[in-house]
Each structure stands twice: as C-alpha cells, then as structure tokens.
Amino acid sequence: MRSRGGLRKSAGLSAVRSCLLLLFIHMGSPVEARRVRGGRAQPRRVQLQQAEQQQRAEGPESFPLDFTAVESNMDNFMVQVKNLAQSLYPCSAQKLEQNMKLHLLNNASVTCNDGSPAGFYIKESKGSRRWLLFLEGGWYCFNKQTCNSRYETMRSLMSSTQWPQSRRGTGILSPEPEENPHWWNANMVFIPYCSSDVWSGATPKTEQSDYAFMGSLIIKEVVKDLLTKGLDKAKVLLLAGSSAGGTGVLLNVDHVAEQLQLAGHRGVQVRGLADSGWFLDNKQYKFTDCLDTISCAPTEAIKRGIRYWGGLVPESCRQAHVGEEWNCFFGYKVYPTLKSPVFVVQWLFDEAQLTADNVHLTGQPVHEGQWRYIQNLGQELRSTLQDIPAMFAPACLSHELITRTYWMDVQVKGTSLPRALHCWDRSLQSNLHLNSSHSLKKPRTPPLRGCPLHLIDSCPWPHCNPSCPTIRDQLTGQEMSVVQFLKHMGFDVQKMAEQQGLDPKRLLDMLSNGS
C-alpha cells in the first residue's frame, strides 16, 4: 500500500502534468476548437482524457522549452509564455521558486579561507538542460598582511558564516524574461567567492598556514555535487563570472570540461563567459611599493599570490609559460591556449584596471598625463581583443556588466549583450554539425545574418558610447552628461576637435547627441 507521502507526491506530479497539459493545449490550439468528422467540436474533456491516456502510455516526460528557433520578436514571445505559465499556478499548489537557495558542499574538506564550508546557491529549472554557473568576483589578497586586512573589512569574501540562506539573481542570473530574455529558464548556480585567490588555489588550511586557498577545488566540488541534481543530463554548461570571477572563468573552463569528460559526460557542451576579467599586465601610471592589494601592480600581486595560494592554471598555458605561470592570469595570454569556447565581455576603460594602474578618479579633474594614459589604456585593451571571435567591448568607464539590471541597455554597434550572446549560442550550435567536439573556440561558419559576434567600439575616449551606464559626480552624486563628464575628466574640446579635423562646436554637438 502507498504511504500518504507517496500519494501526496503522486497527486502533486499529476497536478503539475495537468498544468503543463493545459499550457501546451492553450499554445497549440487555434481560437476555435478543433473540428472532428461530422463538423462538431470535440469536447475539451475528451481532449484532456485522450491526452492523459497518451501520456500514461508514453510515460512521464519533461518539457524543455527551446526558444532558439523563435527568431521574430523572441523577447515578447517568452514574456507571453511566462505570463501564461503564471496564470496556471492555481492548477497546482506549487509555485515557481524565484530565489536561489544555499547548499554547502558535500565535501566538507573544501573550504573558504577561514575553514568554514564553501557552497553554492541554486535555482533549479527541471525542464531545462541548460546550466549557468556564475563565479563571483571581489579582488584578492596575496600575503598574510593583505589577507588579515581583507578578513577584517570584507569577511563575507573569506568566510561562509554570514551568508544568507537565499539570494535573488539579477542580469543574466535573473529569472525574469524581461530582464534576461535568453537564460531566464536555465538552471542558475551562483558560487560565492570566499577563497581570495582568483579561483585558482588548491591549498587547504593547516596548523602552519593561516588560510585555505581552494578556489579551483571549490568549482570542482560544485560541479561534482550538481551532477546529482541533473547536470549529468545537461546539454550546455555556461561557466560565467565577473571581475576576479571573469579571470576565474579563463583559468577553469577547460578544467570543468575535462572533469565532465573524465566522468563520462561527454555530451555536455562547456563554454565560458568572462566579464571584466581581461586584465592587462601593463606599466602603472604611477609606480608604488607593493604594500596593499589596491596599489600593488597586478603583475607583482599575481606573482606573489600564485606562490601563496598554490595556484593552478590551465595545463596548456602552464606549458607555454613554464616558471612564469603568473602570465596565465592575464586574458590575452591565457586565451590562445584554451580549448573551450569563451565569450569575452570587457569595458575598454575598466575601472578596476585603472585602479590597479594607480589612476584614481576621486572627483577632481584628471591631469593631461592621466587623460593620455586613460586613452592609451583603451587602445591597448582594444588591440588585445582584436582576434577574439566572440566579444562585447563598449567604450565605457565602468566595471562588471552581466549581472547588472541594466545589462540589456548597453549596446555596441546597435547590438545588445544578450543579443550577442544569443548569436554566439546559435553559431556554436551550427558548428556542432561540422564538428562533434564541444571544444570549438572559433566559429567555422560565417556569422549568421544580423547576428554579430565581434563587437568592439572604435571611438577613442571614455563614455563616447551613448548607451554607457549613467555617470555620477563622485562628490555631489548628480548625474552628468557625456560632455560634462569629459570636461570633468580634463577633456580639451579645442585640441580634440583639431585632432579629429572638426569644428569645436560641431564636436560638442556630436558628443551631446551621442554620436
């Protein structure tokens, strides 16, 4: 005899099936009822009974919704589907869970810096075979002094003791199709950053060491735990991250692909999405001693950190830089060695890069030397991105994008980031017909019409793209127009007009109009 729990579970599944059945009947039927022989409309009850009988005969089935075939007005289509699904909630006692819930790792030996258990947040989508794993960012520390300071001021980035039980996703992690048109229905996983090692470490805490650095192992254990939650049946795994998490994607995407292959899950297509993690090992604007994580040059900080963390890098990159593995933390050096496809998102005037280069925009107009340095930074970043087949690089002064609520608003050459990512997804799917390997990095077929992948601004100064995020005066908090911002930055209209061969008034009009 069935237990009461079993009966309740069976009833719940039946209710969910009925809701899904109503959903697909509603989507598949015309306004008028379908006609049968004799000209009479078939009663809805008979339709439901026949459909349920067919379902029982065929066994239980999930209904993954694949929207990639819907090319016209896709965003509106998905909003309508979501609204229809929500209208059917009364059919069942269940309600779609919007927040991601905290799960600590099954392997308790893989920990945060302070020895507390590492973990992840997850919002499952049972009908989807797409998984998005997001690596949080948050700088790093590279010796006992900087890590002690970090523990006092940013403890949540080194310990799980104060993590909330749930969190809401935004941007590409949002469950709302209005905010996240192509990934809202995926299985969402947010992996908090608590290892301070740019997701590279593999060193446990011991009696001799003050901290654990296990970022690389945390990712490995998360993937292992997710295999029991449906990842083993995934079609696509997108490893995404911002800032230090973006660099973490470059360091770990091939590790994740290899892990799944060794576990026998060769059908999972592993891809990377690196946001604001494409740092340069360039010369600082003003050299300072390496006393803290802010003023220390990125190259020197990583050289010290990789020894302190016991950092791991992709094997192919390690072989290319034997004895100088720190090179693999810089995007333009590690990217050519990767096997997995990676989409790069990078502001051309990244605030974190400027901070690391000791260009501090503290509310005072910048000097001419700083202004030239900022412009040169944009040119250097642009040159390192030229050969990247799938990328999105707006000429804005900002940091991080994919989890911002305004991530759909920023455009490069008339294309938004969600649209570019969708085009990339389609191009990779097309290439699978030519090559069965999941490790295609460069599209083999021409870009699909109206679907650009290589998007980089060509204008030469910060915020020359009119869709850049709003700028605010750091002292007053007031919004600034592009012209106000550039003048605030020390922009010389007369000089720039001469360089561009324009009348100064004409240049101001162009800037005001976002040209």
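Looking at the stretch 334-346, is at least one residue open to solvent by 20 Å² or more (accessible area, probe 1.4 Å), among the charged types (D, E, K, R) and either more than 20 Å from Leu280 (Cβ to Cβ) or modelled with pLDDT of 95 or more (or both)? Looking through the stretch 334-346, at least one residue is open to solvent by 20 Å² or more (accessible area, probe 1.4 Å), among the charged types (D, E, K, R) and either more than 20 Å from Leu280 (Cβ to Cβ) or modelled with pLDDT of 95 or more (or both). Of the set (1) buried (at least 18 other Cβ atoms within 10 Å of the Cβ); (2) assigned to a loop (DSSP other than H, G, I, E, B); (3) at pLDDT below 95, all apply to Thr299 but (2). When Lys205 is tested against (1) part of a helix (DSSP H, G or I); (2) open to solvent by 10 Å² or more (accessible area, probe 1.4 Å); (3) in contact with a strand residue (DSSP E or B) (Cβ under 7 Å, 6 or more places away or on another chain), just one condition goes unmet, and that condition is (1). Considering only the stretch 164-182, state which residues are open to solvent by less than 30 Å² (accessible area, probe 1.4 Å) and touching a strand residue (DSSP E or B) at 6+ places or on another chain (Cβ under 6 Å). Correct list: Gly169, Leu173. Contact map, the stretch 216-236: residues that are of a type in the set (Ser, Thr, Tyr) paired with residues that are crowded, with 16+ Cβ neighbours inside 10 Å and not in a helix (DSSP H, G or I), Cβ distance under 9 Å, separation 6+ or inter-chain. Pairs shown: Ser216/Ser195; Ser216/Asp197; Ser216/Trp199; Ser216/Ser200; Ser216/Gly201; Ser216/Ala202; Ser216/Gly311; Ser216/Leu312. The set of residues in the stretch 233-284 being of a type in the set (Asp, Glu) and within 21 Å of the chain's Cα centre (by Cα) consists of Asp254, Glu258, Asp275.
Test of understanding: among Arg426, Arg404, Arg419, which residue is of a type in the set (D, E, K, R), part of a helix (DSSP H, G or I) and at pLDDT 95 or above? Steps first, answer last, please.
Numbers: Arg426 fails: at pLDDT 95 or above; Arg404 fails: part of a helix (DSSP H, G or I).
Result: Arg419 is the single residue among Arg426, Arg404, Arg419 that is of a type in the set (D, E, K, R), part of a helix (DSSP H, G or I) and at pLDDT 95 or above.
So, Ser200, is that one within 21 Å of the chain's Cα centre (by Cα), buried (at least 17 other Cβ atoms within 10 Å of the Cβ) and either basic (Lys, Arg) or not in a strand (DSSP E or B) (or both) or not? Walk me through how you get there before you give the answer.
Details: within 21 Å of the chain's Cα centre (by Cα): yes; buried (at least 17 other Cβ atoms within 10 Å of the Cβ): yes; either basic (Lys, Arg) or not in a strand (DSSP E or B) (or both): yes.
So Ser200 fits the description; yes.
So, in the stretch 217-248, how many residues would count as being open to solvent by 10 Å² or more (accessible area, probe 1.4 Å), in a helix (DSSP H, G or I) and under 18 Å from Ser340 (Cβ atoms)? Here the count works out to 1. The number of residues in the stretch 375-385 being in contact (Cβ under 8 Å) with a residue 60 or more places away in the chain and surrounded by fewer than 22 Cβ atoms within 10 Å (Cβ to Cβ) comes to 7. Out of all the residues in the stretch 325-333, is one or more of a type in the set (S, T, N, Q), farther than 28 Å from Ala202 by Cβ and open to solvent by less than 60 Å² (accessible area, probe 1.4 Å)? Checked against the condition, which is being of a type in the set (S, T, N, Q), farther than 28 Å from Ala202 by Cβ and open to solvent by less than 60 Å² (accessible area, probe 1.4 Å), the stretch 325-333 yields no hits at all.
Comparison of His454, His433 shows that the only residue that is more than 23 Å from the chain's Cα centre (by Cα) and either modelled with pLDDT under 95 or not aromatic (Phe, Trp, Tyr) (or both) is His433.
The values are calculated or read from the model by the stated rules, or taken from the named source; none is laboratory data. Computed from a predicted structure; not experimentally measured. Every residue, glycine as well, gets a Cβ built from its backbone with ideal geometry; the counts of neighbours run over all protein chains shown. What goes into the accessible areas is simple: the full protein's heavy atoms, side chains included, and nothing from ligands, DNA or RNA. Shrake-Rupley method; radii C 1.70, N 1.55, O 1.52, S 1.80 Å.
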